[in-house]
Amino acid sequence: MANPETQQRLHLVQAPHLEEFVQRILIGNGTSTEHATIVAKCLVQADLRGVDTHGSNRIPSYMERIRQKALNAQATPTIRQVTPVAAQVNGQNGFGFVAAHVGMKQAIAMAQEFGLGMVSVKHSNHFGMSAWLVKQALEAGMMSLVFTNSSPALPVWGGREKLMGVSPIACGAPAEPGRTPFILDMAPSVAARGKVYKALRRGEKIPTDWALDDDGNRTDDPAKALQGVMLPMGGPKGSALSIMMDVFSGVFSGAAFAGHVTNPYDPSKPADVGHFLVVIKPDLFMTMDEFTERMDYLYQRVVDSDKMAGVDRIYFPGEIEIITEEQRLSEGIPFADAEIESLNREADLVNVEHLKVGQ
C-alpha cells in the first residue's frame, strides 16, 4: 500500500534508549519522575509489541496538550473507596497512563483480598495501548477486563457522523510460567484510528475498507479518512461494542460520553476520558495449578487446530505481539524519518539529547 514517492526510510532505536529519551521529554514538560517513568514505560511497551500507533509517536500530541493547558502534567490521581471491591479514581485531568495505572493497582489489591476488584476512572486522558494494563494484571497473576471510551471517530450503524469512539476492549488471563498468556486488545473498528495517523506520518496509503471520506466514499488517503469516519468491524456488531465501551467507561464513571470526549490530537480542551477496570483472581473456583493447566490445554487446542488453506501457523491472541517484542528487544524499534524528526523537535524544546538511531 505504500506510495513509492513518499515512503520514508526506517531507522532502528533501542528500547532502553527510547524509554530514557521519552522520560526526559516528559520531565522537561513538568511531569514528575515517578509519573514520567510510568508513561515512558507504557509507550515503549506499545512500540515493542508492534503497536506503533500507541507508542512513543504520541509524545508530540501529548506535549502540545500540556503546552496548551489541556492536560495537567503535574496532576496526581485520587482514589475513593466505594465498597470493599469497588473504587473510583479521579484522574484530575492528568495522564491517562497514570490514572489507569493507579486504578489497576487498586483493583489488583482488592482482588488479592476479596477475589474481585472493580475500578471506575473519570477525568482521565488517552492511555495508549490497553494491553499494558492487562499485562500489569498478568504480572500479579490476575485475570482482567480493561475498557475505555474515546473521542468520536465512528458512526453508529446506519449513521454517517462521527459519534462513538474507536474504543478498545481488552482482557487477559495468566498461563503457566513460560507459557503464552491470553491477551486480547482490539478496537471495534476495522482498524484503529492510530493506524491512519501512522500511515499519514509515513506517507502511506490505507486499505479502502478502513474508512470513509467526508463525502461518505471509501478512501485510501489517510488525510481524507481522518476528515471522515472509521468503519465499524462487523457492521452493527462493532457499532454496538463501541456503545458498550461508552456505557461502562463514560456513562458509569461520570466522564464524558456520547461523542463529547476530546480528541487526543486536539489541544483546545480537556479530554475527560473514562475507563473501567475489572480484576479477577483466577483461583476462585479451582486451584491455580488447575486453572493454568486448563489455560495451557486451551492454548494447545487453538494453535494445533486444523489450518485453513494457505495458513502456516495459528496464533493465540497476544502471541504475535510477544514474538514482535522479542524481536524488537534484540534488533530495535523501527521509526520513519518524519517520526524521528517530530520526536527530536520535542527534544529540542526541552534541551534533551536527540534519539540515537541506526539504519
| task | Give me the percent of Cα-Cα pairs in region 109-203 that sit more than 17 Å apart, rounded to a whole number. | result | 61
| message | Pairs of alpha-carbon atoms within less than 8 angstrom and 6+ residues apart define the contacts here; what relative contact order does region 49-174 have, in percent? | response | 18
| field | Relative contact order, percent, region 210-340 [alpha-carbon distance under 8 Å, six or more residues apart] | value | 10
| In vacuo Debye scattering of region 244-288, one point per C-alpha: log10 I(q)/I(0) at q = 0.19, 0.20, 0.30 Å⁻¹? | -0.63, -0.66, -1.01
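Take the alpha carbon gyration tensor of region 229-348, find the square roots of its eigenvalues, order them as a ≥ b ≥ c, and report rounded if a/c is under 1.5; if not, report prolate when a/b exceeds b/c, else oblate.
Oblate, because a/c is 1.5 or more while a/b does not exceed b/c.
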| field | Whether region 33-191 is rounded, prolate or oblate, judged on the alpha carbon gyration tensor where a/c under 1.5 counts as rounded | value | rounded
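With charges set only on the Cβ (+1 for Lys and Arg, -1 for Asp and Glu), what does the dipole of region 218-359 come to about its Cα centre, in debye to the nearest 20? Mind dumping the intermediate values first?
On the way: 12 positive and 24 negative charges, 129 e Å.
Dipole magnitude for region 218-359 comes out near 620 debye.
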| query | Going by the alpha-carbon gyration tensor, a ≥ b ≥ c the square roots of its eigenvalues, is region 285-342 rounded (a/c under 1.5) or, if a/c is not under 1.5, prolate (a/b greater than b/c) versus oblate? | reply | oblate
| Of Phe114, Phe21, Asn93, which is farthest along the charge dipole of region 1-132 in the positive direction, counting Lys and Arg as +1 and Asp and Glu as -1 at C-beta? | Asn93
| Within the chain: Cβ-based charge dipole about Cα centre, in debye rounded to nearest 20 (Lys, Arg +1; Asp, Glu -1) | 860
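Contact order normalised by length for the chain, with contacts defined as Cα pairs under 8 Å and 6 or more residues apart; what percent is it?
Relative contact order for the chain comes out at 25 percent.
Bear in mind these aren't lab numbers, they're just calculated from the coordinates by the rules spelled out. Predicted, not measured: the structure shown is a model, and the values here were computed from it. Reconstructed Cβ throughout: ideal geometry from the backbone, glycine too, with neighbour counts over all protein chains shown.
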